[in-house]
Every structure is written in structure tokens, then in C-alpha cells.
Ligand SMILES: [Zn+2]
């Protein structure tokens, strides 16, 4: 299983008539989808969007318009995967409510899924590892989990709710190994594509982190 990521300049919320016209953004997203499809990837992760200088309602409308323009001609299997944001650029995209609502309001919701970034959820204050059950129930009530396709698995360098997007290695940050394990071994996360977005370990690889994550699932199997 693999997932792709759109280039960082992609901003679904952009006005569409500025330095990057919407047609360019749409062409770039379609190109990303075609590459993902050719690789057999589940989809392309795209950040929710940044509203800098844009009135919030207009920002949400821009996102929907950009997604609609992109997906109207897309009939592949790869999906557009909207990622939750940490809040370091502004308040937009921090809540599951926004992600679910944007998906619902788009013309082709079945072509849209979600990518949950654990560091962003912790930083945004929507997932407190001490109350994981609440977060799971909240996502259930909103209908978020059925459309979750991928996870960006990251610990956080900063404490809960500080809106800082600084990833730490698994178990080495403020979330901790047990907090991440409790979430990732919960039912909505079974058979999920998981990508680490953390720094390399002392041996220059992610070997230690991958081994630590595998242990969570070995423990599950033994139960
Ligand atoms: Zn991420």
C-alpha cells in the first residue's frame, strides 16, 4: 500500500485568480492523481488549505470549488485525501467537523477520503491521548472514520493544543508510545496505510520506529 503527497505550494483555499490561478492548481492536482493511479497508490494527500488574507467563508468556498473542478473529470481509483491541520497557519482545517462538512458539500464525495495526522490532531487540541475513547466516539458520530484512508503517524515535539506543527519520532515526543498505540490499534485504524513523517534515527534510518510500531500489532495478535 502506498499514498502520495501533493507539492507543498498546493493550496485548495487560494483565491484562484492570484499568482496561482485555479486552473493551474487543478491541473497540478490531476497530474498528482494520475501519478498516484499509475503507482497503484490509494490517493494523494492534500493539506486542507490556508486562508491567509481570505475571509473564512470564502476560503471554504474556494476549497470546495477547487475540489469540484479537479474531481469532475477524474474517474480513477486514487482518491483526494484531505489532511487535518495543526493550526500553526490559522484556525482552518483543525477540526474533524470541517473536514467532514467540506467532503459532504463537494459534488463527488465518494472520490474524497481523509488522512489523519496524529501530531496535527494533538497540536490542534482535538485528540487528547488521555481521552482517546472520546476522540474515537466523536469521529464515529461525525461519520469521519469510514472515510479515513491513511495516517501520518507522528509524535509531537510540543505539548497538547499548542498548535505547533513539529513532528517528533514515535515515542520520543509529548504524545508518547502508549498514546499513539492506543489510537492506532483502535478499530477504525485496522488495515490503514501508515506513513511516518519523522526524522531519521541514530542509524540514519526509521528501523527502530518501524520495529516499535510493529510491536503494537504483535501485542494485539497475542490478545
Ligand atoms: Zn502530515
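No value in this document is a laboratory result; all are computed from the given coordinates. The shown structure was predicted, so the numbers you read here are calculated from the model rather than taken from an experiment. With ideal geometry, Cβ positions are generated from the backbone for all residues, glycine too; neighbour counts draw on all protein chains shown.
Filtering the range 131-151 to residues that are in contact with a helix residue (DSSP H, G or I) (Cβ under 8 Å, 6 or more places away or on another chain) and either closer than 16 Å to residue 175 by Cα or within 16 Å of the ligand (Cβ to nearest atom) (or both) leaves 132, 135, 148, 151. Selection within the range 152-173: residues that are within 13 Å of the ligand (Cβ to nearest atom) and surrounded by 21 or more Cβ atoms within 10 Å (Cβ to Cβ). The member of this set that is nearest to the chain's Cα centre (by Cα) is 152. Among the residues in the range 134-143, are any part of a loop (DSSP other than H, G, I, E, B) and within 16 Å of residue 45 (Cα to Cα)? No, the range 134-143 has no match at all. For the condition in contact (Cβ under 8 Å) with a residue 12 or more places away in the chain and away from the ligand (no atom under 15 Å from the Cβ), residue 182 qualifies.
With respect to (1) crowded, with 17+ Cβ neighbours inside 10 Å; (2) in contact with a helix residue (DSSP H, G or I) (Cβ under 9 Å, 6 or more places away or on another chain); (3) farther than 18 Å from residue 33 by Cα, the lone exception for residue 97 is condition (1). Filtering the range 108-129 to residues that are away from the ligand (no atom under 16 Å from the Cβ) and either touching a residue at least 40 places away in the same chain (Cβ under 8 Å) or in a strand (DSSP E or B) (or both) leaves 108, 111, 112, 129. Among the residues of the range 38-63, the ones that are crowded, with 18+ Cβ neighbours inside 10 Å, outside any loop (DSSP other than H, G, I, E, B) and more than 16 Å from the ligand (Cβ to nearest atom) come to 4 in all.
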